[in-house]
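Since the structure comes first, as C-alpha cells, the remarks are kept for the end.
The values are calculated or read from the model by the stated rules, or taken from the named source; none is laboratory data. Remember, predicted model here, so these are calculated numbers, not experimental data. Here Cβ is always computed from backbone atoms with ideal geometry, including for glycine, and neighbour counts include all displayed protein chains.
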C-alpha cells in the first residue's frame, strides 16, 4: 500500500512539471549524492535515525526501490544505471511528513538536499495569502455552474503542519481545511505538495497533506467543483476558517454577475479574450463568513425545464400515473366491449364487422385531430382489434 502511494505521489510530481526531455548518457553507472539537513535546528538533529528511499521509474512504472541510512553528517549516496527514460525519486520521512526531490538522467550529478523540519499539529502556523473564487461557466439547460478556486498558503514557521488524527475535540481542527458552498459535488483537488488525502467534512474538505515551511513561494492549492441551481441565482457563501489577506471573486460577464457586500466591485476587464468582472477585498478575518452570490445565470429552455420536471417527479407521479392509466385502459376496453355487445344483439356478422371498422376509422380520425391521447388511442385500438379477431373466430365456429 505504501509503495503504491509513493508511485502515485511520484506520478503527480511528474505531472506538476519535473524538467523535460533528458539527454542519454553513456555511463553504465552513475552515483547520486545527497544530504539530509534540518531546516531549523541542525544541532540536535540525528540524520542516522532516518531512512532515505530511492524509487526508480521507467515512465510512470516502478522499476526499482532502494534505501539507505545517511551518515552522521547527513550525507548519502545511491549507485544507479542511468537511462534517459527514467526518473529517480528520492524521499525521506521525518515526524510524519515526507520530503522529496527528483532527478532525471541528465541531472544525476546535481547533489540532492532533503531539508526536513520538526512537526507541529497547530494549524495556526498557516496563513492564506490569496484566495480566488473563479466562475468558469454555466450550463443553463442542465442548471449547472462550475467553479474553480485557487489558494496560496504560507507557513512562515520553522515547523511542518502534520494533522493529528488522534486529537480530541471538534473533528479535524488540526487539518488544513477549505470551505465549500452547500451542495458542491465533483470535487477535484490539486496542489504542489506530495502525498495526503482529501477528506470530506461539513461544508468543505480537509487535506491530510503535511504543509512544510514555505521559505519564499507559498504553496498553491487548486480545486474545481460543480453546483446545481434553479432559477437564475446561486449562493456561493462560505466561512473562511483561516481568513485571507486578499480575496477575489471573478465571473465572466456573459455567464453571471458576482456580488458581495464584503468586496469592492472593480468592474470588468478583458482577460485572454474574455470579459471578466472582478470583486476584491482584503483582511478577511479567520472565521469570518463571506457572502457571495451569482445572479443572471442562464436559465433552461422550456423543453429543458419540462425534462427536468419530469425527472424530478417521475417516482412521485409518473409511476403511480402509469398504474392509473393502465386501470383506465382496462376500464375503456370493458366499456367498449359492453357497448359493442349491446349494439351487436340481432345484427349480422357483416353488420357487426362494418360497425367495428367504422369505430376504427373514427378512432384514427380522433387521433389525427388530437381529441384522444396516445395512451387512450392505443388502448381503444387494441380493444377494437381484439373484437375483430373474436368476430372472425365466432364466424368460423358457426360455419
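Points to keep in mind about this one:
- Filtered residue count, the range 252-277, keeping only those that are closer than 22 Å to residue 229 by Cα and without any contact (Cβ under 8 Å) to a residue 60 or more places away in the chain: 8
- The sole residue among 182, 232 that is farther than 21 Å from residue 122 by Cβ, in a loop (DSSP other than H, G, I, E, B), more than 19 Å from the chain's Cα centre (by Cα) and touching a residue at least 24 places away in the same chain (Cβ under 8 Å) is 232.
- Some residue of the range 78-85 being part of a helix (DSSP H, G or I) and crowded, with 20+ Cβ neighbours inside 10 Å: no
- Qualifying residue in the range 242-249 (condition: modelled with pLDDT of 90 or more, surrounded by 12 or more Cβ atoms within 10 Å (Cβ to Cβ) and part of a loop (DSSP other than H, G, I, E, B)): yes
- Options 280, 270: the member that is modelled with pLDDT of 95 or more and out of contact with any helix residue (DSSP H, G or I) (no Cβ under 7 Å at 6 or more places or on another chain): 280
- In the condition set (1) farther than 27 Å from residue 209 by Cβ; (2) surrounded by fewer than 17 Cβ atoms within 10 Å (Cβ to Cβ), residue 95 is compliant with all but (1).
- Out of 151, 147, 133, 189, sole residue that is surrounded by fewer than 20 Cβ atoms within 10 Å (Cβ to Cβ) and part of a strand (DSSP E or B): 189
- Residue in the range 98-124 that is surrounded by the most Cβ atoms within 10 Å (Cβ to Cβ), counting only those that are farther than 23 Å from residue 56 by Cβ and in contact (Cβ under 8 Å) with a residue 40 or more places away in the chain: 117
- Subset of the range 250-261 (residues that are outside any strand (DSSP E or B) and at pLDDT below 95): 253, 254, 255, 256
- Checking each residue in the range 207-229 for being in a loop (DSSP other than H, G, I, E, B) and more than 20 Å from the chain's Cα centre (by Cα) picks out 210, 212, 213, 214, 215, 216, 217, 218.
- The listed residues are 9, 15, 22, and the only one of them that is within 23 Å of residue 210 (Cα to Cα), modelled with pLDDT under 95, surrounded by 14 or more Cβ atoms within 10 Å (Cβ to Cβ) and not assigned by TED's automatic domain parsing to the domain that holds residue 210 turns out to be 9.
- Flag if residue 52 is outside the structural domain of residue 164 (by TED's automatic domain parsing), out of contact with any helix residue (DSSP H, G or I) (no Cβ under 9 Å at 6 or more places or on another chain), crowded, with 19+ Cβ neighbours inside 10 Å and at pLDDT below 90: no
- Lone unmet requirement of (1) farther than 16 Å from residue 161 by Cα; (2) in contact with a helix residue (DSSP H, G or I) (Cβ under 7 Å, 6 or more places away or on another chain) for residue 194: (1)
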